[in-house]
Amino acid sequence: RGSGIDMTILVKKIDLGAEPAYADVIMSLGDPTIFSKTNSRTLNPTRNPTLRPTTQPKANPTKTPPEQPTEQPTMQPTMQPSMKPTVQPTKETNGNELETTFEYDLGSGGSMFTVEAKQNILITSLAINSNSRGAGEVKIYTREGGYSGHVNSSDGWELIYDNPSAMHYRRGQATELGDFEQGVRIAKGMSQSFFVSSSKGLVYKSGDQENSPFTSDQSLSILEGIGTDESFSDTIHTPRVWSGIIRYEVGPSETCGDLVCDLYEDSESCPMDCADKELQTAFEVSVGSSGTMFTVEALRDMHVSSFVVNAKSRGEGEMKVFTRMGDYRGHGQSSDGWVGNQPSWGISEMLYSLVAEPSNHSSLHPRMAYCTPKAQKKALNL
């Protein structure tokens, strides 16, 4: 009293119903601003944030991120990966590829087209343009030459890819099928046809002229083909441009004559390297019997055309030769699964077992003659 200093009274609470009644007040002399300090936070963030971050987090952070990201990335990555990764991983390729188009205006269950090779090539995989997403069956057949006259029958076609649960992606996006178990070889100057089908359907675009080149590079040309059903049938939609990607490797171009039958050569394109080959075991003997079994492992496609044997005695006698796929062990006491009397045996990069039963008790140490057939990728049914 009489100091000349202002006194401020802040009434926080008055309770007249209490016994005794009371009031909760704060009195201040000379500094009323202390009453403006509060522990409550603003309901909405300020439009212009502080230059330095606050030491305590906000009670109610913003619900949406800012329209403009920060100029610098965070120094620490997130501990958990994204819950929504990319739809399809990037396909890594070490070879070459040729794409037709992923534009489409038509579709069906299958598509046939022909590839012409400008160099020796090995087709390793395809990517397709599916009609709908999800798991579905994809089959790919191939045959030498064109498909004309072979649309409604599987005769002469070889099934090279069969996946009952291939994951299909949306139209206009490549559906990767992965590498073939065995690539398709096409010699320089030759053609190869393909039939691709999917239970999810394929989309493609209409063409201008069937069997005319749609796209080419330095190694191959992809011709316009036809649309058809999911299986071999008389249904033909022509002309159609198969929509997809061919991935391939390029083989050596001038190796014929080096006496090595390369993967891209065969007995027709290079007979001096690949025809009339033979492999001999030994003609030294110490024991013998009336028959012998052994296994041949092919490092590439081949045909066994003849044998020269080491007989125990001279003169005429009956000779029988049987063969089966795989190992002979476990099959030595029964003829089940063994076949014989074939002019030649096709061996397609796998094991084949042979058994000889000469009536004149030969000790069979064979010299085997063989040749490498052109684009033979399927063994004979022996």
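The values are calculated or read from the model by the stated rules, or taken from the named source; none is laboratory data. All figures in this text were calculated on a predicted structure; none of them were measured in a lab. Cβ placement follows ideal geometry from the backbone for every residue including glycine, while neighbour counts extend to all protein chains displayed. These area figures cover heavy atoms from the full protein model, side chains too; ligands, DNA and RNA do not enter into them. Shrake-Rupley method; radii C 1.70, N 1.55, O 1.52, S 1.80 Å.
Laid out as a table, the results:
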| quantity | calculated |
| --- | --- |
| Chain lengthening between Glu268 and Met27 when straightened (0.36 nm per residue, less Cα-Cα) | 75.6 nm |
| R0 of 56 Å, Cβ-Cβ distance Phe283-Lys188: FRET efficiency to nearest 0.05 | 0.85 |
| Modelled FRET efficiency - R0 45 Å, Phe294 with Asn96, Cβ distances, 0.05 increments | 0.65 |
| Centroid-to-centroid separation of the stretch 211-274 and the stretch 151-194 [C-alpha atoms, Å] | 12 Å |
| Normalised convex hull volume, the stretch 261-313, alpha-carbon set, Å³ per residue | 114 Å³ |
| R0 of 41 Å, Cβ-Cβ distance Met319-Ala135: FRET efficiency to nearest 0.05 | 0.20 |
| The stretch 115-218: relative contact order in percent, alpha carbon pairs under 8 Å with at least 6 residues between | 45 percent |
| For the stretch 143-204: Kirkwood Rh in Å [reciprocal of mean 1/r, alpha carbons] | 13.9 Å |
| List Glu265, Glu297, Glu19, ordered by accessible area with a 1.4 Å probe, largest first | Glu19, Glu297, Glu265 |
